[in-house]
Amino acid sequence: MSNGPMIKNILIVDNEPNLTVALDFLLAHAGFQVATAASYTEAMQAVTKIRPDMVLMDVVLPDRSGYDLCQTLLAMPGLEHLPILMLTTRGLDVEREKALSLGAVDFIMKPFIPSTILARVQELMTEAA
Amino acid sequence: MRAIRLPRLRKRLWLGIIALALLQVIAIIALRGTLTTTTQPSLIATIGAMSIGIIALFALGVLIDQRLCKPLVATSRGAEILSGSNPGHRLEVHTQHWLGRLPETIENLAAALSRSRHEMEEAAAAWNTRIEARKNRLETILREIREGVIVCDTEGRITLYNSVARDILSTEPALGLGRSIDEVLNAGPLHHTLNLLEPTSNNAAKSGPADAELVCASTSGERLVRCRVARLYNDDPDTAGFVMTLQDVSRQTREALRRDQALRQAIESLRNPLTSLTTANESLRVAQREGLTDAAETFAAIVDEESKRLTDGFGTLSAETASMISDNWRLDDVHLGSLIDGIKDSPQAEHLPRLQCRVDVWVEAEPYLLSQVIEALLNRLADELGVSAVALTGREEGSLVYLDMNWSGDVVASDQIDRWLDAGLEDVGGTVSLREVLQRHDTTVWSQPDLSRTARAMLRLPLPGAPAKTETSTALPARPEYYDFALEQDAPVLGARAEAPLQQLDYVVFDCETTGLEPSHGDEIVSIGAVRIHQGQVMHGETFELLANPGREIPALATSFHGITAEDVADAPPVDEVIRRFHAFAGDAVLVGFNVAFDMRFLKLKQRRCDVRFDHPTLDALLLSILLHDHTGEHTMEGIADRLGVGVGGRHTALGDSLTTAEIFTRLIDLLSAESIYTLHDATSAQEKMVEFRRQQRAF
């Protein structure tokens, strides 16, 4: 909130550098303040610095599961209502159920069309506001 | 003495007559004592009459003997012969006798008996023929059936199995007649299924399910089999039990799992680059629109990079799907010469060039499709190049076998061969191309000039070679006779088997080939061979043969004995693993060897490390042979085999020596009974005495 009422912080957690760079650019261009992390550990460090308004994260992270990160974040004081959007390469239907059960607001299968992500992020941020 | 041995009947007759005659003689002597002048004339007349009576008595005796006793005795003996050994025997009775029609009646009876016996024998023979025919038919069915079949008795002991079952369960050393099925297949699921088939009080006998299916793992865990089990209900305990058919589904299951996983991974691996690509592309578009040149360049580079990743991922995916298609084919060891002979003899051969075949090599191939490909190539050579004669040669080089099809003329252009390869195989509905069949064999075909001869060209087709199938048999010096007497002090407990007849015991005859004679100085096993003996029969289908990697060099001297080189054992399992597998094969059988102490010492030194115990009773064919034939000094395996009429094959291979020893041992068992050695206890005791004897012999 230190960045002013209008600018929202978004944290992208994914170890695909090309994807985070491109998403970073697109979200920044859409008016968001973006931070990126490539692992669970980096994400935890980033969270203490920037207090994100929303997190986009991959289910598979190099050090720990994205689901673990999701649960850890939602258990942190002040982050109980943090919208978490999970991205995944896993094609099973039950994965979606699992993500929603563990507190994610949505679950998007890769590959996705960038504009749908942008629209979904904007929608969620408006809801939160 | 023999001449006066009369049959009892005749003896009694003559004893009676002699007694009467004696009485008369005594009477005559007594009467002579009372002789006076007054009684003289009448007495003399009486004595004369009595004398005539004696003569008459003897004459009557002769008559009764000849006409009654002799014919009766002859009839009685003849009847014994008739009823016993020879129904066609004629009674040796003189024509003059007082027996009336008795001899004829007996002969008639014997003829009737003989007829009915003959009829019974014919009926029995007919039954035997029918039973034999049924047995042969059953054996043929069992042999030809494509499923494995195992029959067990009520206790779960294997009483019959076919070769397919043996192939499916080739990883299970315990498979054998008389062994428990629980040693071969995972007991839990099988017992559960058998219980389901058991008639309970609620479901009256034979009204339960007839059979049931289960999938279970083999004991070693290396095979997954689908079994259909049916109980055999029979009042005869010999044939009651259960029968099961088996299909190996391990390959299918493992392959299916592997494919699923590979496909899933391949698809997932495409998701990330595709996501990055679309996102970078969108970013590139935005950057270009906003005139952000640096950003645009960054994203253009990302688009390039992700495109490459996508292409690679697609390559992996397509390779995976290709292998899935080809994995449905099974490659077998095929003798290439026989396969080409098959092409020569096929009805299509008239459309092919004349074939001259000098191919004596083995390849790993799908035989039908490979022969179709070779036939198609030859067909094209005749059709499109007008080749009238082709010489085929096969040559092994490394792991490959080169099949060269050589003709007089020009080489075939690559694009022409490409067209041939793209065509479908007609015999499989054109659905599979020649190229696909060749790819499945990891190969392709090309044309090149024959450099060794002018104006000749050839098609060269490399194929995956199959392991050499030739046997080497060279005469080598025998292993020196070797005893380890210390070993015998630790005598195994014979238990309930001590008094069992030797013929009825199960044996495992084995032999180890080694790097040397001193296991305690680091010598190791390089090969174990073994064969089972069940109910006195050498079970040629139940053998064990594994090379072992000794983890050390094999001295040239040892190689000169058994021919096994370091190269042979490079890919073999380690010694400990081979010993464990042999232990499972041996089960609780009596172990038999030729100079068995030598082999046992190698096994016993390793047993703790391998976590197994070799406390089996052991018998030594060498010691038992010496016991039986101590008159001869020839105690080599060849010498003993020769004496007992056993053929020697595959000498100095572990399995070959085991088979020879097994044949020797089965003959020794028969001979041992002549020495009053009937039971395992008798045999081990005799063997111990022999050890003691040899020890003393050695001391001098």
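Please treat every number below as a calculation from the coordinates, not as lab data. Quick caveat, the model's predicted, so the values are computed rather than measured. Glycine gets a Cβ as well: all are built from the backbone with ideal geometry, and neighbour counts include every protein chain shown.
Results, tabulated for the structure shown:
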| read-out | value |
| --- | --- |
| Cα pair distances exceeding 16 angstrom across the range B:33-92, given as percent | 64 |
| Shielding by other protein chains, A:20-29, mean Cβ within 10 Å | 6 |
| 17 Å Cα-Cα reach of A:Lys8 towards lysines, excluding residues that sit fewer than 8 places from it in its own chain | A:Lys49 |
| Relative packing of peptides B:607-614, B:185-192 - highest average C-beta neighbours within 10 Å first | B:185-192, B:607-614 |
| Fewest-first ranking of B:Val531, B:Val578, using other Cβ atoms within 10 Å as the exposure measure | B:Val578, B:Val531 |
| Neighbouring partner chain Cβ atoms per residue of B:412-420, average, 10 Å criterion | 0 |
| Choice from A:Ala119, A:Ala46, A:Ala37 with maximal GNM fluctuation in chain A (Cα, 10 Å cutoff) | A:Ala119 |
| For the range B:536-626, alpha-carbon Rg relative to the globular expectation (2.2 N^0.38 Å, N residues) | 1.18 |
| Coordinate range along principal axes, alpha carbons of the protein assembly as shown, Å, largest first | 188, 82, 70 |
| Sorted by Cβ neighbour density within 10 Å, fewest at the top, the residues B:Cys512, B:Cys357 | B:Cys357, B:Cys512 |
| Kirkwood hydrodynamic radius over Cα pairs of the range B:359-447, then Stokes diffusion coefficient at 25 °C and 0.890 mPa s, in µm²/s | 178 |
| Three-way shape label, chain A, alpha-carbon gyration tensor, a/c 1.5 | rounded |
| Those trypsin sites (Lys or Arg not before Pro) in the range B:81-170 that DSSP places in a loop and that have at most 10 other beta carbons within 10 Å | B:Arg101, B:Arg146 |
| Stokes-Einstein translational diffusion, the range A:68-129 - Kirkwood Rh over all Cα pairs, 1.002 mPa s, 20 °C, in µm²/s | 172 |
| R0 of 35 Å, Cβ-Cβ distance B:Asn128-B:Glu155: FRET efficiency to nearest 0.05 | 0.75 |
| Zone residues, the range B:582-603, relative to B:Ser180, backbone N less than 15 Å from point 7 Å out along Cα-to-Cβ | B:584-589 |
| GNM flexibility winner over chain A from A:Val21, A:Val105, A:Val59 (Cα, springs under 10 Å) | A:Val21 |
| Linear extension gain, B:Ser163 paired with B:Ser388, 0.36 nm per residue minus alpha-carbon span | 76.6 nm |
| Once exposed loop GluC sites (Glu not before Pro) are cut out (DSSP; at most 11 other Cβ, 10 Å), longest piece of chain B | B:156-470 |
| Counted charge near B:Leu9, where neighbours are those whose Cβ lies closer than 10 Å (Asp, Glu -1; Lys, Arg +1) | +4 |
| Low-density loop positions, GluC sites (Glu not before Pro), the range A:28-129 - DSSP coil, at most 12 other Cβ in 10 Å | A:Glu80 |
| Estimated FRET transfer efficiency when R0 is 41 angstrom, pair B:Glu320-A:Asp63 (beta carbons, to 0.05) | 0.90 |
| Potential extension, B:Asp304-B:Ala674 segment - 0.36 nm per residue separation minus Cα distance | 124.1 nm |
| Computed E for B:Val62/B:Asp235 - FRET, C-beta separation, R0 56 angstrom, nearest 0.05 | 0.30 |
| Separation of the A:Met109 and B:Asp260 label points, Cα + 7 Å toward Cβ, nm | 1.8 |
| Burial ordering of B:Ile340, B:Ile141, fewest other beta-carbon atoms within 10 Å first | B:Ile141, B:Ile340 |
| Other protein chain Cβ atoms within 10 Å, averaged over every residue that makes up A:107-119 | 4 |
| Intensity falloff of chain B expressed as log10 I(q)/I(0), Debye formula with alpha-carbon point scatterers, at q = 0.07, 0.09, 0.10 Å⁻¹ | -0.81, -1.08, -1.18 |
